[in-house]
1. Taking only protein heavy atoms into account and a 1.4 Å probe, give the accessible area per residue of the chain in Å².
2. Can you tell me which of 229-240, 265-276 comes out highest on packing, and rank the rest after it, using the mean Cβ neighbours within 10 Å?
3. Can you tell me the mean projection area, over all orientations, of the convex hull of segment 1-99's alpha carbons? Units nm², please.
4. Taking every pair of Cα atoms in segment 179-219, average 1/r, invert it to obtain the Kirkwood radius, and report Rg/Rh to two decimals.
5. Considering only protein heavy atoms and a probe of 1.4 Å, how much of the accessible area of segment 59-158 is carbon and sulfur, as a whole percent?
6. Between the alpha-carbon centers of segment 239-265 and segment 314-341, tell me the distance in whole angstrom.
7. For an R0 of 25 angstrom, estimate the FRET efficiency from the Cβ-Cβ distance between residue 266 and residue 193 and round to the nearest 0.05.
8. Just subtract the alpha-carbon distance of residue 138 and residue 392 from 0.36 nm times their residue separation and send over the number in nm, one decimal.
Amino acid sequence: MMALEAPPTAGLPVFFTDLWASGSSDLAGMLGRFLGVSSVQVECSGTAALVVALTTLHTLAPERTEVIVPAYTCPLVAMAVAHCGLRLRMCELMPNALDMDPVILATLCGPRTLAVLPTHLAGRVVDAAPARALAHAEGAWVIEDAAQALGARVGGASVGTGSDIVFFSLAVGKGLSIFEGGALVVADADLRAACERTARAIVRPSFVWELRRSIELLAYTALYHPRGLRWAYGWPLRRALAHNDRIAAAGDDFSQNIPLHRVGRWRQAVGVRALARLPAWLEDSESRAQQRVPRLRGISSLTVLDDSAGVPAAQGTWPSILVLLPDAARRDAALARLWGAGLGVSVPFAHVLADYARYAAVVPATAPADLPHARSFAARVLSISNSPWLDAESFERLCTALEQVLDVR
Ligand SMILES: *Cc1c(COP(=O)(O)O)cnc(C)c1O
């Protein structure tokens, strides 16, 4: 049997030498320099960063109670909205794209809108301009969800910095990782100060959580390599697939509780050391994608997702490569062959938000015929790892399997 396992995304490995973190623990400052912004607020997760942002905005505009998100996104976003006592509105996508449909978005935006969340999945840059125009015309804010896009740029500036707020995730598998962490960037100085006040009010130090995350970071450092991943990622994945549990297999089985605690100095110092390697790591990922995307584009009837055509200056990152198959049956046939095969093939999320029974309490009910583009996207998308540990031979094996499923050889 195969002894190695490619992770589903090209997450930056933490080195054991990073753990001997005697230097700076100013992760916020280092992230600020990396992103090219004057100030970054470090939180204990991307979800926590979003909770701080939404809580702050809701304090400024208590009459605004609705948050608009793309229908296909991370369930943690829906949980954060519910945690803040706000109402989720799901927006339809454009056909075969991650962009929200601006015509539908216009019908969702109104005097009750608090925030709109353009979301850059898998490093792909979406067009946030329509959300900005529509939200600002209604007096609402734009929070870009760049949880999966740390390092993505638009015309040289970090993704999201053209909007009111942007947040990034520092969780496992999302680029730079301190096991769990988040970064909040707020454009306006007054709003930034308000977000800092919110964090002082709702985010407390927690010895127990920080100890737990520190141990998890140690375990991640020890196991995040092709052999360790077989045990730490591949084994639970194959067990979930054997039980037909796609939600667990996709990693969408989140616990109900959103921890809110401060990130300790040691984990921040580890992040500072690892972050020094991130620019070179992202460049490597980009050149790998430049090899792999054309190979995938060469498979007829496969659509490779790119940055939005509406953002000509976009330079996304490539943690993974998203492709769309022509229909759900062939996507599922590809998953049956490749998910769990150790090649880093997966799906970004199991469903559109509306189709998870376990999140029904935090997501508005929808008719099965609603959100046709988002549901079609969710049923046809495949995520292909861009990890360096998926070697050229394995990648070719994966492409051949896709060609067989699509019957184009
Ligand atoms: C992971 C993720 C989040 C939440 O980030 P965490 O750091 O895991 O809390 C939010 N939005 C999207 C799109 C994500 O993928």
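The values are calculated or read from the model by the stated rules, or taken from the named source; none is laboratory data. Bear in mind the structure is a predicted one, so any value in this text is a computation, not a measurement. Cβ atoms come from the backbone with ideal geometry, glycine included; neighbour counts cover every protein chain shown. Ligands, DNA and RNA are excluded from the accessible area calculation, which covers all protein heavy atoms including side chains. Shrake-Rupley method; radii C 1.70, N 1.55, O 1.52, S 1.80 Å.
1. On the way: 16380 Å² over 409 residues.
Value for the chain: 40 Å² per residue.
2. Taking the mean over residues of other Cβ atoms within 10 Å, the ranking is 265-276, 229-240.
3. Result: 11.1 nm².
4. Working: Rg = 13.6 Å, Rh = 12.1 Å.
Using Cα coordinates only, the ratio equals 1.12.
5. 58
6. When both Cα centres are located, 21 Å separates them.
7. My answer for the efficiency is 0.35.
8. On the way: separation 254, 0.36 × 254 = 91.44 nm, distance 4.97 nm.
Roughly 86.5 nm would be gained on extension.
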